[in-house]
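I have placed the structure first, in the form of structure tokens, so that the comments after it can refer back to it.
The values are calculated or read from the model by the stated rules, or taken from the named source; none is laboratory data. Everything numeric here is computed off the predicted structure, so don't read it as measured data. In this analysis, Cβ positions are derived from the backbone assuming ideal geometry, glycine residues included, and neighbour counts consider all displayed protein chains.
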């Protein structure tokens, strides 16, 4: 299992994991942007930093399957 993670990470950083790397990076950036917006909104709403970060992480993590559903791998 650890070898699979290591191999996938290596391919990702070499730019060889996805058939369309630009689309993958765009979707990744969109997920990060959504997490940042949720974090700032939660902080402005009066939530403490740790619960706000947990909420933002949960929402961004839940969106990943939706964002990456049409990506093709090599």
| query | What are the residues in segment 61-74 that are surrounded by 12 or more Cβ atoms within 10 Å (Cβ to Cβ) and either assigned to a helix (DSSP H, G or I) or modelled with pLDDT of 95 or more (or both), if any? | reply | 63, 64, 67
| field | Which numbered condition residue 58 misses (of (1) modelled with pLDDT under 90; (2) under 16 Å from the mean Cα position of the chain (by Cα); (3) in a helix (DSSP H, G or I)) | value | (1)
| Meets criteria (over 16 Å from the mean Cα position of the chain (by Cα) and either at pLDDT below 95 or in a helix (DSSP H, G or I) (or both)) for residue 16 | yes
| request: Quickly run through segment 16-46 and pick out the residues that are touching a helix residue (DSSP H, G or I) at 6+ places or on another chain (Cβ under 7 Å) and either surrounded by fewer than 12 Cβ atoms within 10 Å (Cβ to Cβ) or over 16 Å from residue 71 (Cβ atoms) (or both). | output: 34, 35, 38, 39, 42, 43
| task | Starting from segment 47-74, keep only residues that are more than 22 Å from residue 25 (Cα to Cα), then list their pairs with residues that are surrounded by 10 or more Cβ atoms within 10 Å (Cβ to Cβ) whose Cβ atoms are within a distance under 6 Å, requiring at least 6 positions of separation or different chains. | result | 52/39; 52/42; 52/43; 55/42
